[in-house]
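Colleague: Structure provided below as structure tokens; questions to follow.
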Amino acid sequence: MASYDLVVIGTGPGGYVCAVRAAQLGMKVAVIEKCSTLGGTCLNVGCMPSKALLHASEMFEEAGHSFAKMGVSVSVPKLDLPSMMNFKQQGIDGNVKGVEFLMKKNKIDVINGRGKILGAGKVEVTGSDGKAQTVETKNIVIATGSDIARLKGIEIDEKRVVSSTGALSLDKVPSNLLIIGAGVIGLELGSVWHRLGAKVTVVEFLDRILPGTDGEIAKQFQRILEKQGFAFKLGAKVTAVDTSGKTLKATVEPAAGGTAETLETDVVLVCIGRVPYTEGLGCKEAGIALDNRGRVQIDAHFSTTVKGVYAIGDVVAGPMLAHKAEDEGVACAEIIAGQAGHVNYDVIPGVVYTTPEVSSVGKTEEELKQAGVAYTSGKFPFTANGRSKVNQTTDGFVKILADAKTDRVLGVHIIGREAGEMIHEACVLMEFGGSAEDLARTCHAHPTRSEAIKEAALAVGKRAIHM
């Protein structure tokens, strides 16, 4: 019987990163994975494949609409969807092989099967052949991630009524695509299929898109998407989907109640969020407490209610983001090794990888108002940024929120091309407790989009140069 210092259940970004860090710290480590490939949702059916399709569909759209005005004449681009899916698969394979390499390099044992915690120090692993083995270990990390949230009464078949998983592998472009939920995943996947020719309608229960993001950013983003051709039904809910006919018939009602309407569509994408995945893990029997939302309860050091059992990532509280899981994986491994691992939850960026992108870090205006924090705001539009002007990509703006008394930056929100790459200088600044003045006095290369961040920081002090 094998015995380890650490066994990690799940090999998504949280799990495999935790395993690598633990191995670096001298532990004997094993990972348990129920799927045939490593990398979890992120690498196989989440972040990575969606970025491949977002990139490919953006190139398709550019070739069809933007090349001509730049003086590049090409014939009308034709979509070869199987080849585009192959491009996506090559990306997945490359990343999965990368994780396999990291396991070998760090001498981490990979055990295939479903892990069940029998108690402190014992994990039972059941292989696909039904055979079970028990693994002994000093420490266990639960990194089982999350699963799609389902809508009552709407059956997902991954053919016509799909989750994000099915939406990444449709075999043809639907004429009409109805998306339930105006969150990050719905808007990203909607962008892919809209660019490839689908008519996209998004139904959202709340009266706004992108819940949790800064309200002003969400409003502008909605206007941009509507200009691109998205249709939104806000404050509405889908109560039923009739799959009996050639096309699907979705019943849509106002969220507050009222007259229902029927929308005909080819594909329905259910994107109402994700739920922690603890199925078959044996938490209850082992005495591992879950909270009222089914998440594994942990203390400030990632410990569960059972000694020697820890949990990280989507299965615990906090934003369900791969990079949050990675940081927790590193911190958890360091704590197990007797070091002072730590995650700063105030500086975790979020990105929507549409065109333009939306990125943010720290507090929104709504959160600061609610907390009664006096703040100053500086904004700068990309219409006034030289690089954006010459590239004709002027949608969006940068907004910086700083403490009114100390000038410390509390939040940064960007909508614009490459916003996801631009957010990180704000993250670094905030990690060091920097002020808007620090950012405003940092020399930025010209001409770059990032100059808009410097200008927004200058605007906090009401002295932006270019507007």
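The values are calculated or read from the model by the stated rules, or taken from the named source; none is laboratory data. Please read all numbers here as calculations on a predicted model, not as lab measurements. Ideal geometry is used to build each Cβ from the backbone, glycine not excepted, and the neighbour counts take in all protein chains shown. Just the protein is used for accessible areas: all its heavy atoms, side chains included, with ligands, DNA and RNA removed. Shrake-Rupley method; radii C 1.70, N 1.55, O 1.52, S 1.80 Å.
Colleague: Where does each of M103, M48 land when they are ordered by accessible area, with a 1.4 Å probe and the largest first? Each step should come with its number before you reach the end.
Modeller: Numbers: M103 5, M48 75 Å².
In descending accessible area the options line up as M48, M103.
Colleague: Using Cα-Cα distances under 8 Å and only pairs 6 or more residues apart, what relative contact order does the chain have, in percent?
Modeller: 14
Colleague: Using a 1.4 Å probe and ignoring any ligands, DNA or RNA, find the accessible area of L6 and quote it in Å² to the nearest 10.
Modeller: 0
Colleague: Right, another one. Between the range 243-266 and the range 72-116, what is the C-alpha centre distance in whole Å?
Modeller: If you average the Cα positions of each part, the centres end up 36 Å apart.
Colleague: Distance between Cα centroids, the range 1-61 to the range 169-184: provide it in whole Å.
Modeller: Here the two parts' Cα centres lie 26 Å apart.
Colleague: Heads up, I need the accessible area for E62: 1.4 angstrom probe, whole protein in place, Å², nearest 10.
Modeller: Here the residue's solvent-accessible area equals roughly 40 Å².
Colleague: Let me ask something else about it. Using a/c under 1.5 as the rounded threshold, could you call the range 1-76 rounded, prolate or oblate? The axes a ≥ b ≥ c are square roots of the C-alpha gyration tensor eigenvalues, and prolate needs a/b larger than b/c, oblate otherwise.
Modeller: Here the range 1-76 falls in the prolate category.
Colleague: Turning to a different aspect of this structure: Can you send over the solvent-accessible area of T262, 1.4 Å probe, protein chains only, in Å² to the nearest 10?
Modeller: About 90 Å², ignoring ligands and nucleic acids.
Colleague: Ok, one more. Rounded, prolate or oblate: pick one for the range 140-225, where a ≥ b ≥ c are the square roots of the eigenvalues of its C-alpha gyration tensor, a/c under 1.5 means rounded, and failing that, prolate if a/b is larger than b/c, else oblate.
Modeller: Because a/c hits 1.5 or more and a/b fails to exceed b/c, the range 140-225 counts as oblate.
Colleague: Under a crude label model (7 Å from the Cα following the beta-carbon direction), how far is Q392 from K172 in nanometres?
Modeller: Using points 7 Å along Cα→Cβ, the separation is 3.4 nm.
Colleague: Something else now. Hey, if you put +1 on the Cβ of every Lys and Arg and -1 on every Asp and Glu Cβ in the chain, which of V373, F60, N292 ends up farthest toward the positive end of that dipole?
Modeller: The listed residue farthest towards the positive side: F60.
Colleague: Also, I was wondering about something else. As an exercise, identify the trypsin sites (Lys or Arg not before Pro) in the range 235-293 lying in DSSP coil whose Cβ has no more than 16 other Cβ atoms within 10 Å.
Modeller: Within the range 235-293, the qualifying trypsin sites (Lys or Arg not before Pro) (loop, at most 16 other Cβ atoms within 10 Å) are K246, R293.
Colleague: Same structure again: Once you have a ≥ b ≥ c as the square roots of the Cα gyration tensor eigenvalues for the range 338-467, tell me rounded if a/c is under 1.5, and otherwise prolate or oblate according to whether a/b is larger than b/c. Present the calculation step by step, with values, prior to reporting the outcome.
Modeller: On the way: a/c = 1.68, a/b = 1.36, b/c = 1.23.
Prolate is the answer for the range 338-467, as a/c is 1.5 or above and a/b outweighs b/c.
Colleague: Within 10 Å of each candidate Cβ there may be at most 13 other Cβ atoms; applying that plus a DSSP loop requirement, which trypsin sites (Lys or Arg not before Pro) in the range 159-200 survive?
Modeller: Passing both the DSSP loop test and the Cβ count: K159, K172.
Colleague: Also, I was wondering about something else. For K219, go through the lysines and keep the ones whose alpha-carbon is under 23 Å away, minus same-chain ones fewer than eight residues off.
Modeller: Counting by Cα, and skipping residues close in sequence, K219 has these lysines nearby: K199, K227, K233, K237, K363, K369, K379, K389, K399.
Colleague: Where in the chain lies the longest segment free of chymotrypsin sites (Phe, Trp or Tyr not before Pro) that are both loop residues by DSSP (not H, G, I, E, B) and have at most 12 other Cβ atoms within 10 Å?
Modeller: Excluding the exposed sites themselves, the longest stretch runs over 1-344.
Colleague: At a 10 angstrom cut-off on C-beta neighbours, averaged per residue, how do the peptides 315-326, 447-458 rank from highest to lowest?
Modeller: Per-residue Cβ counts within 10 Å, averaged per peptide and sorted highest first, yield 447-458, 315-326.
Colleague: Roughly speaking, what is the centre-to-centre gap between the range 143-168 and the range 310-355 when only Cα atoms are used, to the nearest Å?
Modeller: Between the Cα centre of the range 143-168 and that of the range 310-355, the gap is 25 Å.
Colleague: In terms of solvent-accessible area of protein heavy atoms at a 1.4 angstrom probe, what is the ranking of H413, H301, H466, H342, highest value first?
Modeller: Result of the area sort, largest leading: H342, H466, H301, H413.
Colleague: Per DSSP H run of at least 4 residues, take -39500 (n - 2.57); add these up for the chain, divide by its residues and hand me the 222 nm value, nearest 500 deg cm²/dmol.
Modeller: -9500 deg cm²/dmol
Colleague: Counting alpha carbon pairs within less than 8 Å and at least 6 residues apart, what relative contact order, in whole percent, applies to the range 292-447?
Modeller: 17
Colleague: Grab the range 17-144 and count how many Lys pairs have their alpha-carbon atoms under 18 Å apart, sequence gap of 8 or more, or different chains.
Modeller: Taking the range 17-144 as the scope, the lysine pair count is 20.
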